[in-house]
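**Q** This is the structure I have questions about; it appears just below.
Just so you know, all these numbers are worked out from the coordinates, no wet-lab data involved. Computed from a prediction, not measured in an experiment: that's the story for all the values here. FYI the Cβ positions are ideal-geometry reconstructions off the backbone, even for glycines, and counts take in every protein chain you see.
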Amino acid sequence: MVFELTAQKLVYGGEALGHHEGRPVFAPRVLAGEHAEVEVVRVAKGVVHVRPVRILEASPERVEAPCPYFGGCGGCQYQHLRAEVQPPAKRGILRETLRRIGKVIWESEIALHSALPWNYRNQAQLKVARQADGQLALGFFEAESHRLFPVDTCLILSPRLNAVLGELRAASAAGLPAGCREIDLLADDRDERVAVTLRGGIGHVEAEATARRMLAQLPGVVSVAVESGGQMRCFGEPRLEYSVGEFCYRVSPESFFQASRYLLPELVEAVTSGASGRLALDLYAGVGLFTLPLARRFEQVVGVEAAEGAAADLAANAQAYSLGNLRVAAEAAFDFLRRFAHAEPDLVVLDPPRAGVEARALRFLAELRPRQVHYVSCSPPTLARDLGFLLQRGYRIISIELFDLFPQTYHIESLVKLVRSDLAGP
């Protein structure tokens, strides 16, 4: 079915929202205010999902997408929107999502932080699939699909990672084990050194042979880890080092690290500033991106991290800087909070995964009654849900900031600072 649609606004997820015959319609690659001819792809739960056939009336903010894969590859959603307009558009989406899901009404300013809109990703997760002709293909998933979309280069990857991608594609037919299904790449802050992680059903002999070959042939690759059957084997350097501000972080293959090489110093400063005192808790601490700077501001800091490898990196990073006031709790946030006995910590930093903070962990957190909470979020819907809970339990928002770590995509990284309502302050 084909019909005409006028898009009203952009919504979280990268689509535009319109209405047709009383039903909401979601259209990718259409901008607010545009009139388009669209074709129905599917209807689910009363919502019509369409694809654009042609733009009948274009927005003045529309540009020609520079990437030839845009619309097929699922990695980007906003290449058709002028880069300088994307952060304000995301601010509107964030504000509306907070209101709609969490009943969080924030009329004050949302500070925007933006940087260069291209070649910013220091991390890539390449998918590997065997094509009909038997050749291995590298790329990303198609939009809303688990089908592989092969790419030769990616305009949002760093130059070093694009160079590695090119070499991998050239050597993929002979150089990758048949059981390899995914390749993770992580470049350091200078975009010089790269850690590679191969995942899939890869035997021990071919794992070592492949790793040695990659270390010898791929530009800048200093570490190759192979994960197979739940075990991780590492060849070359056992980990990468990544500098942000005054700290250099050890990052092992199984550890998470931010995937954007711009704005990290600004983000760390924003998260850790404006608070000091006796005790700070950093939940979902990872390798210590915020934990280490917090240890310079507080008498005691506890970094809580459930992933074993990341917790080990956090402990090693603290030891490297002789931060004896930093304790590592290698457990889930819920398990830590239900046993933690010190009420009213001065600050709790939350940086959860996309699913947000577990409800029962939030309840224990509220019972601790921290003086301040700094919530770093990569998902406006779950942020809105969690903020709604905290606001109902005696907290008020003092500031919201948006960090556009991922231009050309719908992803929104934000920082919300809250304070207990019974405390004086701005």
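**Q** Under 8 Å for C-alpha pairs, at least 6 residues apart: give me the relative contact order for region 123-240, rounded to a whole percent.
**A** On the way: 217 pairs, mean separation 24.6, N = 118.
Rounded, it is 21 percent for region 123-240.
**Q** Separate question: If the only charges are +1 at each Lys and Arg Cβ and -1 at each Asp and Glu Cβ, what is the size of the charge dipole of the chain around the Cα centre, to the nearest 20 debye? Show your work: numbers first, answer last.
**A** Values: 47 positive and 50 negative charges, 170 e Å.
In debye, rounded to 20, the chain gives about 820.
**Q** Something else: Let me spell out the model: positive unit charges on the Cβ of Lys and Arg, negative unit charges on the Cβ of Asp and Glu, origin at the Cα centre of region 118-205. What dipole size does that give, in debye rounded to 20? List each step's numbers first, then the result.
**A** Working: 10 positive and 11 negative charges, 36 e Å.
The calculated dipole for region 118-205 is roughly 180 debye.
**Q** Could I ask something else about it? Go through 46, 10, 252 and say which Cα lies farthest out towards the positive end of the charge dipole of the chain; charges sit on Cβ, +1 for Lys and Arg, -1 for Asp and Glu.
**A** Result: 46, furthest along the dipole toward the positive end.
**Q** Can you divide the C-alpha Rg of region 188-273 by 2.2 N^0.38 Å and report the result to two decimal places?
**A** Numbers: Rg = 15.0 Å, N = 86, 2.2 N^0.38 = 12.0 Å.
So the Cα radius of gyration is 1.25 times the expected 2.2 N^0.38 Å.
**Q** Looking only at the chain, where both bridge partners belong to it, what percent of the DSSP beta bridges are antiparallel (to the nearest 5)? Don't skip to the answer; put the middle values down first.
**A** Details: 70 of 102 bridges.
Of those bridges, close to 70 percent are antiparallel.
**Q** Can you give the helix-only mean residue ellipticity at 222 nm for the chain, where every DSSP H stretch with n ≥ 4 adds -39500 (n - 2.57) and the sum goes over all residues, rounded to the nearest 500 deg cm²/dmol? Don't jump to the answer; show the numbers that get you there.
**A** Values: 9 runs with 104 residues, N = 426.
Calculated mean residue ellipticity at 222 nm is -7500 deg cm²/dmol.
**Q** Now for a separate question. Taking the beta-carbon count within 10 Å as an exposure proxy, list 248, 67 from fewest neighbours to most. Spell out each step's value before the answer.
**A** Working: 248 15, 67 18.
Ordered by Cβ neighbours within 10 Å, fewest first: 248, 67.
**Q** Calculate the radius of gyration of the Cα atoms of region 62-102 to one decimal place, then report Dmax, the largest Cα-Cα distance, as a whole number, both in Å.
**A** Computed over the Cα atoms of region 62-102, radius of gyration and Dmax are 12.8, 38 Å.
**Q** Mind checking which helices in the chain clear 15 Å along their axis (Cα) and have mean Kyte-Doolittle hydropathy of -1.0 or more, DSSP H runs only?
**A** TM-like helix candidates: 86-102, 159-175, 204-217, 308-320, 380-391.
**Q** Give me the net charge for the shell around residue 33: Cβ to Cβ below 15 angstrom, other residues only, Lys and Arg +1, Asp and Glu -1.
**A** Values: positive: 9, 29, 62, 82; negative: 4, 15, 34, 57, 61.
Summing Lys/Arg as +1 and Asp/Glu as -1 gives -1.
**Q** Okay, next question. Arranged by the count of other C-beta atoms within 10 angstrom, fewest first, what order do 251, 205 take?
**A** Details: 251 23, 205 9.
Ranking 251, 205 by Cβ neighbours within 10 Å, fewest first, gives 205, 251.
**Q** Still on this structure, please answer the following. Using Stokes-Einstein with the Kirkwood hydrodynamic radius over Cα pairs, what translational diffusion coefficient do you get for region 1-62 at 37 °C and a viscosity of 0.692 mPa s, in µm²/s rounded to a whole number? Intermediate values should be presented prior to the final figure.
**A** Values: Rh = 11.2 Å.
Translational diffusion coefficient: 293 µm²/s.
**Q** Could I ask something else about it? For a distance above 22 Å, tell me the whole-number percent of Cα pairs in region 266-344 that qualify. Walk me through the intermediate numbers first.
**A** Values: 526 of 3081 pairs.
Within region 266-344, distances greater than 22 Å cover 17 percent of Cα pairs.
**Q** With +1 on each Lys and Arg Cβ and -1 on each Asp and Glu Cβ, and nothing else charged, work out how big the dipole of region 1-158 is about its Cα centre, in Debye to the nearest 20.
**A** Details: 19 positive and 17 negative charges, 116 e Å.
Computed about the Cα centre, the dipole is about 560 debye.
**Q** Just flag the trypsin sites (Lys or Arg not before Pro) in region 330-401 sitting in loop per DSSP whose Cβ has no more than 16 other Cβ atoms within 10 Å. Spell out each step's value before the answer.
**A** Details: sites: 338, 339, 354, 360, 363, 371, 385, 393, 396; in loops: 354, 371, 393.
When the trypsin sites (Lys or Arg not before Pro) of region 330-401 are filtered for loop state and at most 16 Cβ neighbours within 10 Å, 354, 393 remain.
**Q** Would you mind calculating the relative contact order of region 1-62 from Cα pairs under 8 angstrom and at least 6 residues apart, reporting the percent as a whole number?
**A** Once normalised by length, the contact order is 30 percent.
**Q** Which semi-axis lengths, in whole Å and largest first, follow from the square roots of five times the eigenvalues of the Cα gyration tensor of region 344-426? Walk me through the numbers before you get to the answer.
**A** Numbers: eigenvalues 102, 42, 19 Å².
In descending order, the three semi-axes are 23, 14, 10 Å.
**Q** So what is the relative contact order for the chain, in percent, with contacts set as C-alpha pairs under 8 Å and at least six apart?
**A** Working: 934 pairs, mean separation 55.3, N = 426.
Here the relative contact order equals 13 percent.
**Q** Give me Rg/Rg_expected for the chain, where Rg uses Cα atoms only and Rg_expected = 2.2 N^0.38 Å with N residues. List each step's numbers first, then the result.
**A** On the way: Rg = 22.8 Å, N = 426, 2.2 N^0.38 = 22.0 Å.
With N residues counted in the chain, Rg over 2.2 N^0.38 Å equals 1.04.
**Q** Among residues other than residue 129 whose Cβ falls under 14 Å from its Cβ, what is the net charge (Lys/Arg +1, Asp/Glu -1)?
**A** Details: positive: 127, 130, 147, 169, 181, 199; negative: 133, 142, 182.
Charge balance near residue 129 sits at +3.
**Q** Something else: Give, as ranges by residue number, the residues of region 125-169 whose backbone N falls under 11 Å from the point 7 Å along Cα→Cβ of residue 118.
**A** Once the point is set 7 Å along Cα→Cβ of residue 118, 155-157 turn out to lie under 11 Å by backbone N, inside region 125-169.
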